[in-house]
Amino acid sequence: MSLKLYNTMGRKLEEFKPLHEGFCGFYGCGPTVYNYAHIGNLRAYVFLDVLDRVLCFLGYKKKHVMNITDIGHLSGDADDGEDKMVKQAIERKQSVLEIADFYTKAFFNDIERLNIKKPDVVCKATDHVQEMIDLIKQIEANGHTYMAGGNLYFDVTTFDDYGKLANLKLDELKAGAGERDVVVVDENKRNPYDFVLWFTKSKFENQALVWDSPWGRGYPGWHIECSAMSMKYLGRHFDIHTGGIDHIPIHHTNEIAQSEGAFSSEERNAGPWVNYWLHNEFLVIQKEKNDDSSDDTAKMSKSSGNFLTLQTLIDKGYDPLDYRYFLLGAHYRSQAKFSWDSMDSAKNSRKALVQRAAKVFASYDGKSVDESSLSEKAKDYLAKFTTAIENDLATPQALSYVQVAIKDSELQASEIVTIVRKMDEVLGLKIEDCAKEFNKKESAQVDTHEGDPEAEEITALVLERTQAKKDKDFAKADQIRNDLQARGVIIIDTPNGPIWKRN
């Protein structure tokens with residue numbers, strides 16, 4: 001089997017065929033750094049991390065690019081609402097760039113705690129304004145723009161395939177424009193779905209960040225930054241673009257229009273801007289039972305104040321990896337329903353996985369096993385795991401294979417270690433590190449035996465049991481262990497040898 005991904009463009013599962021054999025270039029929409037990321041935001045980055053890890057697992061070389069929106073972002077995708085960056089700067093009496101720097105660091109702190117690999121390229125919008133201006137010039141030269149009210153707009157009627165990602169038809173959009181709440185009144189627009197490429201007439205006095213441009217001193221529209229930066233680092237055509245499902249109808253639809261609107265005739269003939277569009281579903285909060293409502297879930301959002309941060313979970317006693325485990329248990333294209341009960345379940349399941357792994361690593365002799373020399377059963381686990389992740393990154397099934405394999409008594413400890421390490425390259429749960437930390441803590445709790453008259457005798461029996469195991473006299477080893485258990489003494493086998501403590 002080969003990697004298959006669900007392409008939003010076309011709404012179907014497709015075999016992944018990269019533009020360049022063995023290499024994948026992909027772009028993921030990054031954060032707007034005006035506030036802490038909530039756990040719903042972070043779902044998108046765990047999904048991106050799984051995609052990154054799967055590509056590496058399957059042997060692809062890759063270039064993962066992610067933007068940081070530090071110019072500002074209006075509260076609506078359709079050029080409406082207030083500037084979130086400016087609002088935070090005013091409230092906190094700091095500059096916009098100070099706000100952006102603070103929340104960028106907070107974001108990457110969350111990323112690290114969730115064991116998410118940092119993208120190969122992280123690019124800030126403020127560092128790439130010239131690239132945005134250059135791209136807008138190309139769009140303008142191709143006849144897709146008009147100036148109105150001091151702002152430069154993209155005319156969607158000049159782009160034949162506008163709305164193809166979201167299955168929108170422009171004629172229907174014109175007829176029913178007033179029916180969609182994303183459409184706002186802007187008297188400068190020729191069409192309600194036109195969007196701003198460059199603002200010179202800001203809605204706000206003393207706009208914090210402005211640049212000189214051919215259209216006047218101002219700042220770029222939100223959509224243009226992703227097009228400009230992805231093209232700079234991945235080229236005019238690349239393999240994968242990702243984001244949340246909320247980006248489909250406006251942000252990603254506009255990205256496609258402006259990016260392909262900048263193409264030369266030769267570039268248009270070469271194919272689409274992006275070949276595969278992947279979108280993750282929302283994280284929703286399980287609400288309290290309410291007879292007045294048939295909907296028992298709510299979308300997490302900053303604007304409603306209905307959001308939890310990763311630190312909130314930590315303060316309640318959860319490890320960040322508990323949340324990662326919870327997310328892996330839901331397919332990225334399915335809604336993940338968050339509740340404290342579901343977090344408890346994830347926490348307990350991960351704890352059980354770590355404890356099973358701890359037993360395996362405690363008995364592991366440290367000798368590595370090549371994958372080619374694994375038993376057929378061990379190879380079968382890896383094959384099934386690989387099939388799962390190749391099937392549109394099916395992490396729930398992939399996770400189930402590591403859970404079963406780690407407690408399979410028919411496998412040697414060295415085999416389990418080998419396949420767990422391999423599987424965790426994708427899952428990113430730090431299973432081996434957590435297992436060793438668990439064993440370390442267990443060892444720290446063992447009696448020191450100081451002032452214990454029986455200690456010398458018990459230690460001698462433990463050493464005698466160790467020698468019996470080396471001599472393959474397992475009956476004798478078991479008898480010593482049972483005798484000591486009857487005296488309330490537990491033997492713990494660790495990578496550094498056996499230790500004992502009183503029960």
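The values are calculated or read from the model by the stated rules, or taken from the named source; none is laboratory data. These figures come from a predicted structure and were not determined experimentally. Don't worry about glycine lacking a Cβ; one is built from the backbone with ideal geometry, like all the others, and counts go over all protein chains shown. We work out accessible area using only protein heavy atoms, side chains counted, and drop any ligands, DNA or RNA first. Shrake-Rupley method; radii C 1.70, N 1.55, O 1.52, S 1.80 Å.
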Could you run through segment 112-148 and say how many residues are assigned to a strand (DSSP E or B), open to solvent by less than 70 Å² (accessible area, probe 1.4 Å) and more than 18 Å from E225 (Cβ to Cβ)? 2
Just one of (1) of a type in the set (D, E); (2) open to solvent by 50 Å² or more (accessible area, probe 1.4 Å); (3) out of contact with any strand residue (DSSP E or B) (no Cβ under 9 Å at 6 or more places or on another chain) trips up D424, so point out which. (2)
Any residue that is touching a Leu at 6+ places or on another chain (Cβ under 6 Å), among the small types (G, A, S) and not in a helix (DSSP H, G or I) - is there at least one of those in segment 328-349? yes
Select from segment 377-413 the residues that are open to solvent by less than 30 Å² (accessible area, probe 1.4 Å) and more than 24 Å from the chain's Cα centre (by Cα) and list them in ascending order. A378, Y381, A405, I406, D408, L411, A413
Go through N188, N167, N206, N109 for me and flag whichever is at pLDDT 95 or above and outside any strand (DSSP E or B). N109
Of the candidates G59, G30, G40, the one satisfying the condition of being part of a loop (DSSP other than H, G, I, E, B) and either closer than 24 Å to A398 by Cα or open to solvent by 50 Å² or more (accessible area, probe 1.4 Å) (or both) is G59
Sort through Y6, Y45, Y27 and tell me the only one that's in contact (Cβ under 8 Å) with a residue 40 or more places away in the chain and in contact with a His (Cβ under 6 Å, 6 or more places away or on another chain). Y27
Could you please tell me which pairs satisfy a Cβ distance under 7 Å, a separation of 6+ or placement on different chains, a first residue in segment 225-242 that is assigned to a loop (DSSP other than H, G, I, E, B), and a second residue that is of a type in the set (D, E, K, R)? R236/E267
Could you look through segment 328-354, keep only residues that are under 16 Å from K430 (Cβ atoms) and touching a residue at least 24 places away in the same chain (Cβ under 8 Å), and pick out the one that is most open to solvent (accessible area, probe 1.4 Å)? K347
Please specify each residue of segment 254-303 satisfying the condition of being at pLDDT 95 or above and β-branched (V, I, T). I256, V274
Every listed condition ((1) open to solvent by less than 20 Å² (accessible area, probe 1.4 Å); (2) modelled with pLDDT under 95; (3) of a type in the set (G, A, S)) holds for G25 save (2)
For L328, only one of the following conditions fails: (1) more than 19 Å from N115 (Cβ to Cβ); (2) touching a Ser or Thr at 6+ places or on another chain (Cβ under 8 Å). What is its number? (1)
Which one of these does Y325 not meet: (1) crowded, with 17+ Cβ neighbours inside 10 Å; (2) at pLDDT below 95? (2)
List the residue pairs whose Cβ atoms are under 7 Å apart, where the first residue sits in segment 251-278 and is at positive phi, the second is open to solvent by 10 Å² or more (accessible area, probe 1.4 Å), and the two are 6 or more positions apart or on different chains. G271/H237
Among the residues of segment 236-255, write down those that are within 22 Å of F154 (Cα to Cα), out of contact with any Gly (no Cβ under 7 Å at 6 or more places or on another chain) and open to solvent by 10 Å² or more (accessible area, probe 1.4 Å). R236, D246, H247, I248, P249, I250
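Here's the yes/no breakdown for (1) open to solvent by 90 Å² or more (accessible area, probe 1.4 Å); (2) of a type outside the set (D, E); (3) modelled with pLDDT under 90; (4) in a loop (DSSP other than H, G, I, E, B):
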| position | (1), (2), (3), (4) |
| --- | --- |
| L429 | no, yes, no, yes |
| D433 | yes, no, no, no |
| K441 | yes, yes, yes, no |
| D452 | no, no, yes, yes |
| I458 | no, yes, yes, no |
| L461 | no, yes, yes, no |
| K469 | no, yes, yes, no |
